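**Student:** I am attaching a structure below and will ask some questions about it afterwards.
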Amino acid sequence: MRDNEVSLMRTFKEIVEILDRSSFMIEGLENALRVFSCATGVNRTAIYRKKYLERDDYLLTQIVCIKSNEAPIGQGEFGPEQLDRRLIDTTGWEKLNKGKSISIKKPLDKSFRKHEKMWIAPIFCEDDLFGLLLVDASSTNSKLLLIEEVLDYFCSILKIWIDKINTTKQLEDVIETLPYPTCVLRPDGLITVWNQAFVDRTGFQKDQVIGRGDYVHAIPFYGERRPTAPDLLLHPDKQWESKYREFNKVGDGVSGLAYCPEMVGGAIFLTFKTSLLRDLNNRVIGAIHCVRDVTKEKEVEKELRRSEDRYRKIIEFAGIGMMLMTKSDIVYHNEFVSDLFESMNRPISLVNFRDLIHREDRDEVIACIERLYRTPRKSSQIEFRIQNGLKILYFRAHVGILKYQEQPIVHFIMDNITDQKILAEKVRLNDIKMCHEDRLTSLGIMAAGIAHELNQPLNTIRVVAEGLLFGRDEGWMLDENDLMDDMQMISQQVSRMSAVIQNIRDFSRMDKWEGARRVDLNQAVENIFSMMGRQLEARGISVRMKLNPSLPHVMANLHRMEQVILNLVVNASQALQECTREDKMLQVETNLEDNMVQLKVQDNAVGIPSELKHKIFDPFFTTKDVGQGTGLGLSISKSILSEYSGDIDVFNNRNGGATFRVVLPPKGILN
């Protein structure tokens, strides 16, 4: 090997050692370039770095300029501070981007006018062009013939070192931008990394901690110098480890919870995670330590436990049952449910719960729960019974669905409504009794009309019978056809009386409060007027009926609808009797308006004073004299209509009287 080659190898070895000792890029490049220039006899060298502005736009900025055997010369003495990239032609850039050096035979611009011969070599960082090495090759003092291979070798050394610097910078940037305080500790106790999050949290600046040891990093947390988690991971000490609230060591890492009483702003709780750092030979070179302030979380957790205890007590003492159930089991239940199962000598399970439900309600409850799995956003309310020996318990349940341990789960809240059901049944029976009494009162008012309805056919029968008896006494010859006509007349009158009596019996009987059925309001109107139509005529009241023959049926109870109509007709009749008009008129009209079945009962009496309209449907309110009314008729009528999603209102009509309007939904849209 020739002497100059040996000298070059020594130069490169020295350059590697210089770069290995350098932590700062500019300083390392200056020292390496000075040694290279001195060894090669090059008077001037410079390095230009690509400095990006936005996206792909960049400047070529001079960062190092060296004159052989001298201190660094000023910028601009060998090339401009910023090199115009257009001075290198396209072919030259293609070679440089491929990692090849180029030779320039003439000055790039006036800044290089003293340097007619120049080499430009590319310097890479990873796979991208980092910058350019410019070498003045025009000096006659060069000790070494510069060749492309020598420049490439020197630039390759620079690339390896720049890659290292770049990787270190990227790691530092990542650690610096972490939202959680992070530091790195060497085995000798010196801090090498103390990120901005640590500065912000502790108030200790980087220069107060980095490069220092003797547990200085513990002071902002504990007010004293003492081992912390990374110290204990590098140098275990059971006594110090026991001072942590939690200290869980697994392999090369440790995590836990620390109480830090001396933090700025007051004591805090920190969770931490610490891991050993190892080099390529698996040698421990330090520990990285990351902490997170969980004081607020601990406060929320404490409050959550209080809330859970509070709500658990509320659930236990609220007198309602609560269960959480999957498709196969009950995963949670409160004391109410425990007592229920215990009273029936059954262990708590989903199968036993289904068995406890009354057989007539069981399928409906199961179907309700299954629907929730298909449409989880809709909660449901359902009532069911549980058979407890000879006693039946009634429950109302609110059923919904939620997520529990990544699977859908049904929450079932049940309330014992047995006492409510018993009370409701008593109220129902009282309402039936009250309605029945009101009906009998109405019949009392209609008594004269009913007597008239029965008296007329009886008179007809008497006239026919007396005629037959007189003819017999006089010896008349009775024609068979005339006799049959008389008998048919008697039969018709008997049928008429039977119909009246049957209507009275049906109307006056005690209801069992049967469910809603199809009802023709026209029929209900006709039934009422078959009983009191003659009575109204006898009192000089003209009755007009405008019944829509195409009126849709409603879902109600016929006799209860008759009671409503009777109350309205009786009220109108009494109002007309008290007025002095000669042309007294009562009109009943049925129709379909706004998709609702309507029945109107109107008169031409004196109407209702405006100050009484808001009271007229109140229980026990009446304008009649004592003993003339109970004040329950309109109140009961409104209550009956509300059971079938109907309503009633009143207004004064243009004839001077009052109009009561009943509104009911037609069959098919009953709510």
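The values are calculated or read from the model by the stated rules, or taken from the named source; none is laboratory data. This is a predicted model, so every value here is computed, not measured. Here Cβ is always computed from backbone atoms with ideal geometry, including for glycine, and neighbour counts include all displayed protein chains. Only protein heavy atoms, including side chains, enter the accessible area calculation; ligands, DNA and RNA are left aside. Shrake-Rupley method; radii C 1.70, N 1.55, O 1.52, S 1.80 Å.
**Student:** Counting only residues 5 or more places away or on other chains, whose amide H sits under 5 Å from the amide H of VAL597 once H atoms are built in the peptide plane?
**Tutor:** Excluding prolines and chain starts, which carry no amide H, the hits are LEU664.
**Student:** How much accessible surface area, in Å² rounded to 10, belongs to the heavy atoms of VAL64 with a 1.4 Å probe?
**Tutor:** 0 Å²
**Student:** Between LEU257 and LYS106, what is the label-point separation in nm under the 7 Å Cα-to-beta-carbon projection?
**Tutor:** 7.9 nm
**Student:** Sticking with this structure for a sec: Dividing the Cα radius of gyration by the Kirkwood radius, what Rg/Rh value follows for the stretch 521-573?
**Tutor:** A ratio of 0.98.
**Student:** Suppose accessible area is computed on protein heavy atoms with a 1.4 Å probe; arrange ASP173, ASP127, ASP583, ASP603 from highest to lowest.
**Tutor:** ASP127, ASP583, ASP173, ASP603
**Student:** While we're here: Given the protein chains as shown and a 1.4 Å probe, how many square angstrom of MET545 are accessible, to the nearest 10?
**Tutor:** Accessible surface of MET545 is approximately 90 Å².
**Student:** Quick one: net charge of PRO181's neighbours, Cβ under 13 Å, K/R +1, D/E -1?
**Tutor:** +1
**Student:** Taking amide H positions as placed in the peptide plane 1.01 Å from N, state which residues far from HIS358 in sequence (5 or more) or on other chains have amide H under 5 Å from it.
**Tutor:** ARG385, ILE386, GLN387
**Student:** Now for a separate question. ASN557's amide H: which non-local residues (gap 5+, or another chain) put their own amide H closer than 5 Å, with H modeled 1.01 Å from N in plane and none for Pro or chain starts?
**Tutor:** Hits under the 5 Å cutoff: ARG517.
**Student:** Could you work out the relative contact order of the stretch 164-237, using alpha carbon pairs under 8 angstrom and six or more residues apart, expressed as a whole percent?
**Tutor:** 22 percent
**Student:** So which of LYS249/LYS298; LYS426/LYS613; LYS169/LYS296; LYS600/LYS638 end up more than 24 Å apart, counting from Cα to Cα?
**Tutor:** Distance filter (> 24 Å) returns LYS426/LYS613; LYS169/LYS296.
**Student:** Any chance you could look up the accessible area of ARG346 with a 1.4 Å probe, heavy atoms only, rounded to 10 Å²?
**Tutor:** 90 Å²
**Student:** A follow-up question, please. Provide GLU582, GLU126, GLU262 ordered by accessible surface of protein heavy atoms (probe 1.4 Å), highest first.
**Tutor:** The residues order as GLU582, GLU262, GLU126, largest area first.
**Student:** Round to a whole angstrom and tell me the spacing of the C-alpha centers of the stretch 315-372 and the stretch 213-241.
**Tutor:** 55 Å
**Student:** Which percentage, to the nearest 5, of the DSSP beta bridges contained in the stretch 188-272 is antiparallel?
**Tutor:** For the stretch 188-272, the DSSP antiparallel bridge percentage is about 90.
**Student:** If HIS358, HIS398, HIS553 are ordered by their accessible area, calculated over protein heavy atoms with a 1.4 Å probe, which sequence runs from highest to lowest?
**Tutor:** HIS398, HIS553, HIS358
**Student:** Continuing with the same structure: Could you give me the ³J(HN,Hα) list for the stretch 530-543, computed from phi with Karplus coefficients 6.51, -1.76, 1.60 and θ = phi - 60°, whole Hz, x at Gly and Pro?
**Tutor:** For the stretch 530-543, the Karplus-derived couplings read 5, 8, 10, x, 5, 5, 5, 4, 5, 8, x, 9, 7, 9 Hz, x marking Gly and Pro.
**Student:** With θ set to phi - 60°, apply the Karplus curve 6.51 cos²θ - 1.76 cosθ + 1.60 along the stretch 321-328 and write out the HN-Hα couplings as whole Hz, x wherever there is a Gly or Pro.
**Tutor:** Taking θ as phi minus 60°, the curve returns x, 9, 9, 10, 10, 8, 6, 10 Hz for the stretch 321-328.
**Student:** Of LYS273/LYS403; LYS546/LYS667; LYS327/LYS403, which pairs sit farther than 24 Å apart, going by alpha carbon to alpha carbon?
**Tutor:** Result: LYS273/LYS403 exceed 24 Å.
**Student:** Tell me, rounded to the nearest percent, the portion of alpha carbon pairs in the stretch 249-326 spaced more than 21 Å apart.
**Tutor:** 58 percent
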